[in-house]
Structures are given as structure tokens and as C-alpha cells.
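J.: Here it is: the structure, laid out below.
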Amino acid sequence: MKTCCSTLFFVWLASTSPPVMATDHATELRPATKAKVTLEKIHSSGWPGEKVAREVFRSNNAAVQECYRRALVKAPKLSGKVSVSAWILSTGKVYRSTYTKDESTIAEDASVVKCLMGAVATWKFPAGGTKIGRVRYLMGLSRR
């Protein structure tokens, strides 16, 4: 009998509650086409080379785009340039990613910068270097 009454109570509660509007999450439903991240410049000091570094960027572009899309939800007018460096072990694993101030126009503490550094830290480069390599990516962030 308790199950019956509990069920009836929840049915009554659901029928008397006001409808939930999705307006609180409307900003999260913006079209994904608003974010565009381009590779403005690339610099590789020795290994792995600019060609390989460009291929790695292209293969990880979805994660980069997602960082910018998330940032646009909080700051719809956000645009500019972000320079991120990847320090790569000879195994191809990124062991550190850093923000480079020299050509960046977006502040280091911006959530998009932190997200981009986190994304770059997960990238995998082909193994083969004899020492630590460094690649600097200058990314342009713009709304379409």
C-alpha cells in the first residue's frame, strides 16, 4: 500500500509543479558554428618539425574548437589570439604546455586559455626525437 500512495503523491506533485523552462540553459544551446579556431602561426625548434606539428594540430582540432565554443557561452564576444607552447618528449608525449604572452591578445587567466593548454597537454606526437622538442602554436579565435 505504501508503494501505491508514494506513487500517487509523486504523480500529484508532478502535476501541480509549474513547467520547467529551458531558459536557464539557453546560452548552452547556441549553434556550434559560431566558433572558429585557425592556426595563425606555428614555430618548431628542431624536432618534431612544423609539418608534423601542423598535422597534430589538425587531428586535434575538435578539442580546440570545443574549448572556444565553451568559452563563447560565458563570453559571447571573446575573440583574439592565443599562443600555446607544447614541450614534447622523444616518446611523442607532451609533458608540459605553457601560455606564451608575446603574441597573445587574450589574458592568461581566461578560461579558454586554460582549456587550450589542457587540450594541448593531451596531444600525442610521433616518437622519434633525440631530445625534448618544443612547438609554439599561435591560434586565432573568431566568431563566424
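The values are calculated or read from the model by the stated rules, or taken from the named source; none is laboratory data. This is a predicted model, so every value here is computed, not measured. Neighbour counts are summed over all protein chains in view; Cβ atoms, including those assigned to glycine, are modelled from backbone coordinates with ideal geometry.
J.: Among ILE106, ILE132, which is within 15 Å of SER45 (Cβ to Cβ) and either surrounded by 13 or more Cβ atoms within 10 Å (Cβ to Cβ) or touching a strand residue (DSSP E or B) at 6+ places or on another chain (Cβ under 6 Å) (or both)? Spell out how you get there, then give the answer.
T.: On the way: ILE106 fails: within 15 Å of SER45 (Cβ to Cβ).
Testing whether each residue is within 15 Å of SER45 (Cβ to Cβ) and either surrounded by 13 or more Cβ atoms within 10 Å (Cβ to Cβ) or touching a strand residue (DSSP E or B) at 6+ places or on another chain (Cβ under 6 Å) (or both) leaves just ILE132.
J.: Moving on to the next point. Pull up the stretch 44-76, narrow it to residues that are in contact with a strand residue (DSSP E or B) (Cβ under 7 Å, 6 or more places away or on another chain), over 14 Å from TYR137 (Cβ atoms) and not in a helix (DSSP H, G or I), then point me to the one that is modelled with the highest pLDDT.
T.: TRP47
J.: Look through LYS114, LYS131, LYS101 and report the one residue that is in contact (Cβ under 8 Å) with a residue 60 or more places away in the chain and either assigned to a loop (DSSP other than H, G, I, E, B) or of a type outside the set (Val, Ile, Thr) (or both).
T.: Testing whether each residue is in contact (Cβ under 8 Å) with a residue 60 or more places away in the chain and either assigned to a loop (DSSP other than H, G, I, E, B) or of a type outside the set (Val, Ile, Thr) (or both) leaves just LYS131.
J.: Return yes when VAL94 is in a strand (DSSP E or B), aliphatic (A, V, I, L, M) and over 17 Å from LYS41 (Cβ atoms) and no when it is not.
T.: So VAL94 fits the description; yes.
J.: Can you name the condition, by its number, that MET139 falls short on among (1) out of contact with any Phe, Trp or Tyr (no Cβ under 8 Å at 6 or more places or on another chain); (2) in a loop (DSSP other than H, G, I, E, B)?
T.: (2)
J.: All but one of (1) within 14 Å of the chain's Cα centre (by Cα); (2) at pLDDT 95 or above; (3) crowded, with 16+ Cβ neighbours inside 10 Å hold for THR122; which doesn't?
T.: Going through the list (1) within 14 Å of the chain's Cα centre (by Cα); (2) at pLDDT 95 or above; (3) crowded, with 16+ Cβ neighbours inside 10 Å, THR122 breaks only (3).
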